[in-house]
Number of protein chains: 2
Amino acid sequence: MMLKPREKQRQRAPSKRSLQTRERILDAAEMVFSDRGFEGASIRDIAALAGVQGALVHHHGGSKEELFFTTVARRADALSQLRLDALDARKASGPLDLRSVLACFLEPFLHKVFHGGSHWRAYGRLIAHVSADMRWREISAACFDPTVEVFLQELADLLPHATRQKIGSSFVFTVSSMLSICASRWRIESLAGETETDEIIETLLDFCEAGFASIRKPGPAL
Amino acid sequence: MMLKPREKQRQRAPSKRSLQTRERILDAAEMVFSDRGFEGASIRDIAALAGVQGALVHHHGGSKEELFFTTVARRADALSQLRLDALDARKASGPLDLRSVLACFLEPFLHKVFHGGSHWRAYGRLIAHVSADMRWREISAACFDPTVEVFLQELADLLPHATRQKIGSSFVFTVSSMLSICASRWRIESLAGETETDEIIETLLDFCEAGFASIRKPGPAL
DNA sequence: GTCTATAATGAGATAGAC
DNA sequence: GTCTATCTCATTATAGAC
C-alpha cells in the first residue's frame, strides 16, 4: 500500500476552480467514509455527493486508499496545532496538572466535533474508524502519534513513578473513550438517556483524570 | 432489515453433519467479519475458509446481514451467563464494591478473549465492530443491553447520588476501553511498548474503577 | 480539468441437479 | 444438505474525446 498521497510533480499551480473541486471531493469523501467506513464507501457515492463524475475523484484523489489517507490527513495538522497551542497556553498560565494536560488533548477535538459543523462531526467518526482498524496504523503513526508523544511526555512528568506501559495503556483508554462519544453516541443515549454534550465531555474528563491519578497510588486496592 | 435469523420452521431436526457444517461456517464468518468488518468481508472468503461452497453459506446463514447477526449472537448468551455467574459468585462472598462489579463485567470477556482460543479472540474484535457502528445498534440492544442493565443497576446502588447520565456515560467509556484492548492492541503496543496482557487488564480495572469512583466526589476539581 | 464510455473484476444471491 | 453453474448488479479504475 502506498500511503503517501502521490507526488506527481505538478507542472503548474492548480487553478482556483480545480482546488475548489478538490475540496468538494474531500468534503464528500469525509462524509461517506465516516458514515460507512472504508469498504462500505463507494467512489460513486463520493462523486455523486460532490456533484462530479467518478473519474474526477480518481484524478484528484488517486486510488481509494490514497483518497482515504488524504481525507484523514487534511485536518490532522490543524487538529494537532490546536492541541499543542492549548497546551502552550495552559503552560503559560501556571504549572500543569493531570486534568489540564488531558483537557488540552481532549477539548480542542471535542469542541470542533460538536461546534465545528458537520465536517468536523464527520471527521470525528472518521478518526474513530482509523483508530479501531489495524489496517490504518500507518495513518495513526503519521498523523497523530507525534502529538500524542508530546502529551505522553507531559503525563510522564506528572507521574514520575509510572511505567510507560501504564501511561500508554491509559492513554489509549482515554482516546477510545473520547472517540466513543463520536462513534457510539447512540449507545450512550440508549444506556444513559438524553444527555447534554457538555455534560458528557465533563464526565469524560472526570473519568480519565481519575483514571490517570489512580496510577499514583501505591498498588492495587486490596 | 430483518435482524431475527429467519425461523423457517424446520420439518426435521438437522443432521449431525449439517450442524457441524453450520458451525464451521459460523467459525469462518467470525474470523472474516472480525478481520475485515461487515462490508470488507465476502461470502466467498467465508465459504473458502469454511471449506464449503458459497451457496451453502447462504443456505445455513441466510443473507449476509442475517449471517452477521447470527455470528454475533452465537456466543452472546454464553458471555452474558459468564458475567452474571461471576456477579452472583462475588455477591455470595460478601458485599460488592465498585471494583468487583466492574471486574465481573470485564474479566469474563477478557479472559475468553485472551485465553479462550482464536475463536474468542476474533469474537472480541467482532464486538468492537458492532459497538462502533450505529448500524448494528439492534444487535447491541438484543445481545448485550439486558446484561448491561443488570450491571448499571449494581453500579447505581453503589453510587446513590450519581445521575443515570453519568453512570451510563462512564459505562460506555469502560466498554470502549475494554474493546480497545481487542481492536487497538496494536496502538497500545505502539505507544506503550510491549506489554503483558494481564498488566493491561489490571491497568484497565484501575482506570475504570477510579473513573467511576470519581463520580462520588462533590463537584469538578476546581 | 472535466466529461462519457467502458473495461475488468468481484460481489450477493439463486436455480436446479444430485 | 451439498454441489455446479449462472444471474444480476455494483464496484474501482482507466482510456480518450473535448
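Just so it is clear, none of the values below were taken in a lab; they were calculated from the coordinates. The shown structure was predicted, so the numbers you read here are calculated from the model rather than taken from an experiment. Neighbour counts run over all protein chains shown; Cβ positions are idealised from the backbone, glycine included.
Observations on the structure shown:
- Only Lys, Arg, Asp and Glu carry charge here, each on its Cβ (+1 for the first two, -1 for the last two); on that basis chain B has a dipole of about 980 debye about its Cα centre.
- Spherically averaged projected area of the convex hull of Cα atoms, the stretch B:127-166: 3.2 nm².
- Chain B: C-alpha gyration tensor shape, a/c 1.5 cut-off, then a/b vs b/c: prolate
- Rounded to the nearest 10 degrees, the inclination of helix B:145-158 to the longest alpha-carbon principal axis of chain B is 10 degrees.
- For the stretch A:104-157: rounded, prolate or oblate by the Cα gyration tensor [a/c cutoff 1.5]: oblate
- Listed residues A:Cys182, A:His60, A:His129: farthest to the positive end of the dipole of chain A (Cβ charges): A:His60
- Calculated mean residue ellipticity at 222 nm for chain B: -24500 deg cm²/dmol, from DSSP H runs with n ≥ 4 weighted as -39500 (n - 2.57), summed, divided by the residue count and rounded to 500.
- Label spacing, shortest first and in nm, from B:Ala78 to its equivalents in the remaining copies (7 angstrom along Cα→Cβ): 4.8
- Shielding value for A:132-138 is 6, the average number of Cβ atoms from other chains within 10 Å of each residue's Cβ.
- For the residues of B:72-82, the average number of beta carbons from a partner chain within 10 Å of their own beta carbon is 0.
- Summary for A:Ala89: label point 7 Å along Cα→Cβ; distances to the equivalent points in the other copies, ascending, 5.1 nm.
- Ascending list, in nanometres, of distances separating the A:Gly193 label from those of the other copies (7 Å, Cα toward Cβ): 4.6
- Annotation for B:His119 and A:Ser190: the two label points, set 7 Å from Cα along the Cα-Cβ direction, are 2.5 nm apart.
- If the chain linking A:Ala55 and A:Ser18 were pulled fully straight, counting 0.36 nm for each residue of separation and taking away their Cα-Cα distance, it would gain 11.9 nm.
- Between helix B:64-74 and chain B: long-axis angle, C-alpha atoms, 0 to 90°, nearest 10: 50 degrees
- Cα-based helix-to-principal-axis angle, A:197-213 vs chain A, degrees rounded to 10: 50 degrees
- Alpha carbon convex hull of the stretch A:81-210, volume per residue in cubic angstrom: 119 Å³
- Here the alpha carbons of the protein assembly as shown define both size measures, Rg and Dmax, at 22.9, 76 Å.
- Contour minus Cα-Cα distance for B:Ala89 and B:Asp157 (0.36 nm per residue): 22.7 nm
- Counted over the stretch B:61-135 with a bin width of 10 Å, the fraction of Cα pairs per bin, in whole percents, is 17, 42, 28, 10, 2.
- In the structure shown, the pairs B:Lys64/B:Lys166; A:Lys217/B:Lys112; A:Lys91/B:Lys166; A:Lys112/A:Lys217; B:Lys16/B:Lys64; A:Lys166/B:Lys91 are assessed against 27 Å; a Cα-Cα span above that value is assigned to B:Lys64/B:Lys166; A:Lys217/B:Lys112; A:Lys91/B:Lys166; A:Lys112/A:Lys217; A:Lys166/B:Lys91.
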